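The structure appears right after this line, and notes come after that.
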Amino acid sequence: MSSTDIILQQLLNGLTIGSYLAMIALGYTMVYGIIELINFAHGDVFTAGFLISLTLFEWFGAGGKTLTGFRLVWMFTLVLILTMLACGIINVIVDRIAYKPLRKAPRLAPLITAVAASFALENIYANWKGPSQIFYPDYFPRVDILHNWLHLNTTVLFTTQDALLIGLTIPMMLGLRLFIQRTKLGKAMRATAQNAAAASIMGIDVERVIMTTFFIGGALAGAAGMAFGNFLHTGRYLMGFDAGLFAFTAAVLGGIGNITGAVLGGFLIGFLKVFSDQWIGGQWTRAFIFTILILVLVFRPQGLVGEDEAEKA
Amino acid sequence: MAMLELHDVHSYYGSIHALRGISLHVNEGEIVTMIGSNGAGKSTTIRTISGLLHPGKGEVLLNGERIDQMAPHQIVARGVCQSPEGRWIFPRLTVLENLEMGAFIRNDHAEIKQDMERVFELFPRLSERLQQKGGTLSGGEQQMLAIGRALMGRPHLLLLDEPSMGLAPVLVEAIFETIQSINKQGTTILLVEQNALMALYVAHRGYVLQTGEIVLEGLAKDLEENETVRKAYLGEE
Ligand SMILES: Nc1ncnc2c1ncn2[C@@H]1O[C@H](COP(=O)(O)OP(=O)(O)OP(=O)(O)O)[C@@H](O)[C@H]1O
Ligand SMILES: [Mg+2]
């Protein structure tokens, strides 16, 4: 590989990794924005997306073989919708059981139940699917786009599965942005995040807004889990811990509570990760990324695009 | 039956006993004012009516229905809107979006538009700043936005907690004129004010609060002439 090819390849890798991290980061940041809680179980909803979509493909009789034609379209769409619904509901249930009863308790309490919810979900997954690595078949066709379709003479690899990941996540993020900017419920979410008591005296049902936020965050994480399965083909009950940690870092990096920040943070972490894997060494990646997290928190605690406190007040 | 009735209402902040048995009523079509010095419990009364605070004892009735254990949004749905103490403008929503939030419970788009025009007539300043973020407005502009936003809910009962706070003297007069004209158009108003002189001037009736209790009540013009009120709240020696 020439060095330009390496750089190009790593940029593409950063984009794909960043896109699913950004999807997960959105859930962290939206929930934090509204109830100032770090939902530690959020990464595990991503795992649910992986496991549930895999199970649904099996139910529908995909049988481990690559889907084609119309079967690909309907099955993929249906699995995506059901997975998002299920993961949205799981996240709402986590809120109902672990956080809602503690809405008025000191902040430490729901933080602890968040860790507990995370452990509970992980152990449910371990009992359900077993503790070992799980293989996720190539249900989505894998074609080398640059060589087979565009006939380019390059060593860079970009497949339809990479394109799927990007093609699924980026429109969803844009959709979320439109929803939050333009719709009445989206505006109510922003209003609630800025001042929940003020929102309530506008007639906004704050609990309903919180539920919607958990649902949307869960659904996005679920879609990310499914896209991840079709892209990397392997995962296990603990995969959400790892992905969640990186996504949480992305949310903080961008400015926790800030939607644009979470997306930018996700891509930034994606790029930092591939940069570190390629040029520093994979074994250093965590040390590298979490050092950056510390530096950001020390020198720019509001994150890269977060408003400063004065503006928030 | 009065539109709003409070019977022996006690409210608490943790162990602080802020309201010690408040009983009052507001009739349909009235402007009723609550006056009293700092910490008397005026805002706490407003918060208790609007469901932000639930009384430990006592009843709040709206058109005969108990609302004291309801969530704030349920009370808004019954036609009670407010401009709260401290204004509570959404700082990162635009002026337009803030006004839209005021109309959150409504779906009659055409009439929402009309009401917004009416707000702009009352406060032309707001229409010049529609796309500006709420947090960047001056204190006086935020006050106008808070009142305008409350009007966007088309309330039957409007709660105003110190609407003249932070306004220049010219604007204070304009605000009180606005309050009177809103009332003449059919909105019942419960008005909390530090500026007792103006409040009693526009109100029909009034209550005087002191450390969580009502110490005086009556027609506004009688309160205006009351010796104690004149000394304590109208700044006469
Ligand atoms: N959030 C709170 N927590 C604890 N105590 C409070 C809180 N808000 C008000 N209080 C107390 O309750 C009492 C009544 O306060 P309230 O705000 O109702 O007074 P107010 O009549 O509106 O005064 P002001 O004219 O200063 O606005 C005061 O003693 C006050 O210190
Ligand atoms: Mg007050």
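All of the numbers you see were taken from the coordinates with simple rules; none came from a lab. Predicted model, so just to flag it, every value in this text is computed and none were measured. No Cβ is skipped: glycine too gets one built from the backbone with ideal geometry, and neighbour counts run over all protein chains shown.
Taking the Cβ of A:Leu157 as the centre, find all other residues whose Cβ is under 14 Å away and add up their charges (Lys, Arg: +1; Asp, Glu: -1).
On the way: positive: A:Arg142; negative: A:Asp5, A:Asp144, A:Asp162.
Every neighbour counted, the sum reads -2.
Which order do the peptides A:26-39, A:166-179, A:56-69 take when ranked by the mean count of other beta-carbon atoms within 10 Å per residue, highest first? Please report the intermediate quantities before stating the final value.
Working: A:26-39: 24.6, A:166-179: 16.1, A:56-69: 13.6.
Answer by packing, highest mean first, reads A:26-39, A:166-179, A:56-69.
Cα convex hull of the protein assembly as shown: how many Å³ per residue? The partial results should precede the final answer.
Details: hull volume 102.1 nm³, N = 550.
That works out to 186 Å³ per residue.
Compute, for the protein assembly as shown, the length of the dipole vector about the Cα centre, with Cβ point charges of +1 (Lys, Arg) and -1 (Asp, Glu) only. Units Debye, rounded to 20. Spell out each step's value before the answer.
Details: 41 positive and 47 negative charges, 330 e Å.
Around 1580 debye, computed over the protein assembly as shown.
Could you give the radius of gyration (one decimal) and Dmax (whole number) of the Cα atoms in segment B:1-132, in Å?
When restricted to Cα atoms, segment B:1-132 yields Rg and Dmax of 16.9, 48 Å.
What is the dipole size for segment A:3-312, taken about its Cα centre, with +1 at each Lys and Arg Cβ and -1 at each Asp and Glu Cβ, in debye to the nearest 20? Show your work: numbers first, answer last.
Details: 20 positive and 17 negative charges, 128 e Å.
So the dipole magnitude of segment A:3-312 works out to roughly 620 debye.
Let me know the mean shielding of A:189-199 by other chains, meaning the per-residue number of their Cβ atoms within 10 Å of its Cβ.
Values: counts 0, 5, 8, 2, 2, 8, 8, 1, 6, 12, 6.
Partner-chain Cβ atoms within 10 Å, mean over residues of A:189-199: 5.
Helix hunt in chain A: which complete DSSP H runs extend at least 27 Å axially by C-alpha with mean Kyte-Doolittle at least 0.5? Present the calculation step by step, with values, prior to reporting the outcome.
Values: long enough: A:3-35 (46 Å, 1.16); A:69-94 (37 Å, 2.17); A:108-129 (32 Å, 0.84); A:160-182 (32 Å, 0.93); A:206-232 (38 Å, 1.26).
Membrane-span-like by this criterion, though nothing is claimed about a membrane: A:3-35, A:69-94, A:108-129, A:160-182, A:206-232.
Considering the options A:Phe179, A:Gly61, A:Val115, tell which one lies farthest towards the positive end of the dipole of segment A:3-312, charges being +1 on Lys and Arg and -1 on Asp and Glu at the Cβ, about the Cα centre.
A:Phe179
Which pairs in the list A:Lys187/B:Lys133; B:Lys57/B:Lys221; B:Lys57/B:Lys184 are over 25 Å apart, alpha-carbon to alpha-carbon? Mind dumping the intermediate values first?
On the way: A:Lys187/B:Lys133 14 Å; B:Lys57/B:Lys221 32 Å; B:Lys57/B:Lys184 34 Å.
B:Lys57/B:Lys221; B:Lys57/B:Lys184, as the Cα separations exceed 25 Å there.
If each DSSP helix of 4+ residues adds -39,500 (n - 2.57) and the sum is divided by the residues in chain B, what number results at 222 nm, nearest 500 deg cm²/dmol?
Numbers: 10 runs with 88 residues, N = 237.
Here the helix-only value at 222 nm equals -10500 deg cm²/dmol.
About its Cα centre, what dipole magnitude does segment B:87-154 give when the only charges are +1 on Lys and Arg Cβ and -1 on Asp and Glu Cβ, stated in debye to the nearest 20? Please report the intermediate quantities before stating the final value.
On the way: 10 positive and 9 negative charges, 50 e Å.
That gives a dipole near 240 debye.
Describe numerically, in nm with one decimal, the distance between label points set 7 Å from Cα along Cα→Cβ at A:Thr183 and at B:Arg20.
Rounded to a tenth, the inter-label distance reads 5.1 nm.
How big is D for segment A:3-312, in µm² s⁻¹ as a whole number, if Stokes-Einstein is applied with the Kirkwood radius of its Cα pairs at 10 °C and 1.306 mPa s? Walk me through the intermediate numbers first.
Values: Rh = 20.0 Å.
This corresponds to a translational diffusion coefficient of 80 µm²/s.
For B:Lys113, which aspartates and glutamates qualify as cross-link partners when the Cα separation must be under 14 Å and same-chain residues fewer than eight apart are set aside?
The qualifying aspartates and glutamates are B:Glu97, B:Glu100, B:Glu121.
Within a Cβ distance under 10 Å of B:Met152, other residues only, what is the Lys/Arg minus Asp/Glu net charge?
Numbers: positive: B:Arg106, B:Arg118, B:Arg149, B:Arg154; negative: B:Glu100, B:Asp115.
So the surrounding residues net to +2.
Output the peptides A:264-271, B:171-178 sorted from most to least packed, where packing is the average of other Cβ atoms within 10 Å over each peptide's residues. Could you put the intermediate results ahead of the total?
Details: A:264-271: 24.1, B:171-178: 17.5.
In descending order of packing, they fall as A:264-271, B:171-178.
Need one value for B:88-101: mean number of C-beta atoms belonging to other chains within 10 Å of its residues' C-beta atoms.
Numbers: counts 7, 3, 10, 6, 8, 5, 1, 0, 0, 4, 4, 0, 5, 12.
Mean shielding by partner chains, rounded to a whole number: 5.
Where both partners of a DSSP beta bridge lie in chain B, what percent of those bridges are antiparallel, to the nearest 5?
55
Based on the Cβ-Cβ distance from A:Thr55 to B:Lys184, what FRET efficiency comes out when R0 is 60 Å, to the nearest 0.05? Before the final figure, lay out each step's value.
Details: r = 66 Å, r/R0 = 1.09.
Rounded to the nearest 0.05, the efficiency is 0.35.
With the contact rule set at Cα under 8 Å and sequence spacing of 6 or more, what percent relative contact order holds for chain A?
On the way: 500 pairs, mean separation 113.3, N = 313.
Relative contact order comes out at 36 percent.
Determine the calculated [θ] at 222 nm for chain A from helices alone, applying -39500 (n - 2.57) to every DSSP H run no shorter than 4 residues and normalising by the residue count; nearest 500 deg cm²/dmol.
Values: 12 runs with 217 residues, N = 313.
Computed mean residue ellipticity for chain A: -23500 deg cm²/dmol.
Taking the highest mean first, how do the peptides A:253-260, B:198-205, B:142-149 order by number of other beta carbon atoms within 10 angstrom per residue? Don't skip to the end; give the middle numbers.
Numbers: A:253-260: 23.6, B:198-205: 21.2, B:142-149: 25.1.
Per-residue Cβ counts within 10 Å, averaged per peptide and sorted highest first, yield B:142-149, A:253-260, B:198-205.
Simple spin-label model, 7 Å along Cα-to-Cβ: A:Phe135 to B:Arg106 in nm?
6.3
Provide a whole-number value for the mean count of partner chain Cβ atoms within 10 Å of the Cβ atoms in peptide A:261-274. Let's see the in-between values first.
Values: counts 0, 0, 0, 0, 0, 0, 0, 0, 0, 0, 0, 0, 0, 0.
Mean number of neighbouring Cβ atoms from other chains: 0.
Express as a percent, rounded to the nearest 5, the fraction of DSSP beta bridges in the protein assembly as shown (both residues included) that run antiparallel.
Working: 25 of 43 bridges.
Once the DSSP bridges in the protein assembly as shown are tallied, antiparallel ones form about 60 percent.
Please name whichever of A:Gly266, A:Gly14, B:His7 sits farthest to the positive end of the charge dipole of the protein assembly as shown, dipole taken about the Cα centre and charges placed at Cβ: Lys and Arg +1, Asp and Glu -1.
Going by the charge dipole, the pick is A:Gly14.
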